[in-house]
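Bear in mind that the values in this text are calculations on the coordinates, not laboratory data. Computed from a predicted structure; not experimentally measured. Cβ sites come from the backbone with ideal geometry, for glycine too, and all protein chains shown count toward neighbours.
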Amino acid sequence: MTTTMWPPIFDGHNDVILDLYRPRPGTERSFFESSPHGHLDLPRARKGGFGGGFFAIYVPPPPAAEMPSDHLPDPPYHLPLPPTLDHTYALQTTLAMAARLFRLEQESNGQVRLCRTANAIHECLTSGIIAAVFHIEGAEAIGPNFDELAVLYQAGLRSLGPVWSRPNIFGHGVPFAFPASPDIGPGLTDTGKELIKACNQLRILIDVSHLNEAGFWDVARLSDAPLVATHSNAHAICPSSRNLTDRQLAAIRDSDGIVGLNFAVTFLRPDGRRDASMPIDVMVRHVQYLVERLGIDRVGFGSDFDGALMPQAIRDVSGLPVLLQALADAGFTPAELRKLAYENWLRVLRLTWGE
């Protein structure tokens with residue numbers, strides 16, 4: 001199978017910058033060389049038809065602390081929220097990781113471009129350049145007066161998740177739990193509500209993916225932009241606390257927003273297990289369900305490459321054609337596949353960024 005028959009894919013979420021910044025021992029790699037480690041590098045992106053996406057800056061816990069999702073137990077489980085990060089540590093780490101993203105562009109010989117507009121993304125998709133959007137997942141680097149937000153915006157920040165799955169001065173994330181409702185804990189703080197308004201003024205996309213349900217509804221009430229979940233799935237199929245209820249999906253639909261399908265097996269499998277041996281049909285079911293609830297214009301992909309365990313059928317970015325083929329086999333037309341692959345993301349970004 002070749003990728004020439006498929007449209008390029010613009011992806012709502014990857015964590016490759018984290019994997020390059022702080023690789024696990026023995027997994028060091030270059031973005032520009034094919035590697036057996038991780039999920040995303042330039043050669044495999046070319047093979048899989050990956051045209052670009054949101055390159056997340058996620059601040060990991062300090063060295064020696066484990067990621068809470070590294071060793072998820074078999075369901076049922078309900079992990080406590082990780083502790084709040086120190087602001088100075090978060091800011092220093094965010095700047096170092098952003099510098100890594102900027103250097104990717106500088107060292108790519110024109111093969112990667114940091115995009116600040118939807119038009120720039122479209123130009124990249126049509127010319128074979130990897131389009132990278134600067135996204136921050138969890139706003140711990142930003143202080144209560146938003147000085148850092150203004151500076152990061154000038155540096156190219158165009159998308160922000162107010163929280164990851166831990167508390168900060170802006171609100172509370174949703175803990176890792178299964179089976180569980182996302183309606184866990186309080187919503188945005190007063191400072192968090194001001195952050196939403198500041199993002200609206202700057203036309204920074206607000207990602208609701210890691211917010212608990214109370215925080216989600218705070219954003220829905222306050223924001224004048226489309227509601228966007230860059231990497232989340234259908235709670236009705238996989239009852240993880242990280243997935244979206246039908247009521248949340250209806251709100252995203254009514255705002256003319258979008259949901260990016262998360263490829264993480266724990267957010268796909270109906271049994272919630274961390275087991276990669278799942279049929280591709282499960283991913284197709286989520287896409288079909290999201291399309292039923294949102295409409296074909298409001299669903300995309302948000303893989304979580306380099307941030308989660310992928311299904312064996314996908315494995316890494318080179319496996320994207322497998323998903324497109326499965327969707328085609330399920331009856332999605334070429335025009336619908338283009339929407340899922342990149343057109344829906346471009347539509348929402350134009351609305352959000354004011355183009």
Worksheet item: How far apart, in nm, are two points set 7 Å out from the Cα along the Cα-to-Cβ line at residue 78 and at residue 250?
Response: 2.6 nm
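How much net charge surrounds residue 147 when only other residues with a Cβ under 15 Å from its Cβ are counted (Lys, Arg +1; Asp, Glu -1)? Don't jump to the answer; show the numbers that get you there.
Numbers: positive: none; negative: 140, 148, 194.
Local charge sum for residue 147: -3.
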Worksheet item: Taking the chain as a Gaussian network, Cα atoms linked when under 10 Å apart, which of 227, 95, 152 shows the biggest mean-square fluctuation?
Response: 95
Worksheet entry | Sequence-distant residues sharing a close amide H with residue 130 (under 5 Å, placed H) | 112, 113
Response to the item:
Given backbone amide H placed at 1.01 Å from N, residues whose amide H is under 5 Å from that of residue 57, ignoring those fewer than 5 places away on the same chain, are 135, 136, 137
Worksheet item: Considering the chain as a Gaussian network with a 10 Å cut-off on Cα pairs, which listed residue, 128, 257, 52, attains the greatest mean-square fluctuation?
Response: 128
Practice prompt. Apply the Karplus parameterisation 6.51 cos²θ - 1.76 cosθ + 1.60, with θ equal to phi minus 60°, to every residue of segment 136-152 and state each ³J(HN,Hα) to the nearest whole Hz, in sequence, with x for glycine and proline.
Written response: 10, 10, x, 8, 4, 6, 9, x, x, 9, 6, 4, 5, 4, 5, 5, 5
Fill in: Isotropically averaged projected area of segment 16-148, using the convex hull of Cα atoms (one quarter of hull area), nm²
10.4 nm²
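With a cut-off of 8 Å between alpha carbons and a minimum separation of six or more residues, what is the relative contact order of segment 29-145 in percent?
Numbers: 118 pairs, mean separation 39.6, N = 117.
That works out to 34 percent.
Arrange 19, 190 by Cβ neighbour counts within 10 Å, fewest through most, would you? Could the numbers behind the result be given before it?
Numbers: 19 23, 190 10.
So the residues, fewest neighbours to most, are 190, 19.
Report the relative contact order of segment 138-177, percent, no decimals, based on alpha-carbon pairs under 8 angstrom and at least 6 residues apart.
Rounded, it is 39 percent for segment 138-177.
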Response to the item:
For residue 315 and residue 198, extending 7 Å from Cα along the Cα-Cβ vector and measuring point to point gives, in nm, a value of 4.4 nm
Fill in: 19 Å tail of the calculated P(r), segment 124-249, as % of Cα pairs
47 percent
Worksheet, complete the sentence: Toy charge model, Lys and Arg Cβ at +1, Asp and Glu Cβ at -1: the chain dipole around Cα centroid in debye, rounded to 20, equals 480 debye
Fill in: Label selected from (1) 149; (2) 136; (3) 120, the criterion being volume of the Cα convex hull per residue in Å³ as computed here
(3)
Item to complete: With θ set to phi - 60°, apply the Karplus curve 6.51 cos²θ - 1.76 cosθ + 1.60 along segment 171-178 and write out the HN-Hα couplings as whole Hz, x wherever there is a Gly or Pro.
Response: x, 10, x, 8, x, 6, 8, 7
Item to complete: State, as an integer percentage, the relative contact order of the chain based on alpha-carbon contacts under 8 Å between residues 6 or more apart.
Response: 19 percent
Worksheet item: Using only Cα atoms, what is the ratio of the radius of gyration of segment 199-355 to 2.2 N^0.38 Å?
Response: 0.99
Practice prompt. In whole Hz, with x marking every Gly and Pro, tabulate ³J(HN,Hα) for segment 286-302 from phi via Karplus 6.51 cos²θ - 1.76 cosθ + 1.60, θ = phi - 60°.
Written response: 4, 4, 4, 5, 4, 5, 4, 7, 9, x, 5, 8, 10, 10, x, 10, x
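Multiplying the sequence separation of residue 86 and residue 350 by 0.36 nm and subtracting their Cα-Cα distance, what value in nm do you get?
Full-extension gain reported as 91.6 nm.
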Practice prompt. Find how much the distance from residue 33 to residue 145 grows on full extension, using 0.36 nm per residue of separation minus their present alpha carbon separation; answer in nm with one decimal.
Written response: 36.2 nm
Worksheet item: What's the FRET efficiency of residue 333 with residue 108 using the Cβ-Cβ distance as r and R₀ = 41 Å, to the nearest 0.05?
Response: 0.75
Worksheet item: Which residue, 299, 284, 259, has the most motion in a Gaussian network model of the chain that connects Cα atoms within less than 10 Å?
Response: 284
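Work out the FRET efficiency for residue 117 and residue 275 from their Cβ-Cβ distance, taking R0 = 30 Å, and round it to the nearest 0.05. Numbers along the way, then the final one.
Values: r = 40 Å, r/R0 = 1.35.
The calculated FRET efficiency here is 0.15.
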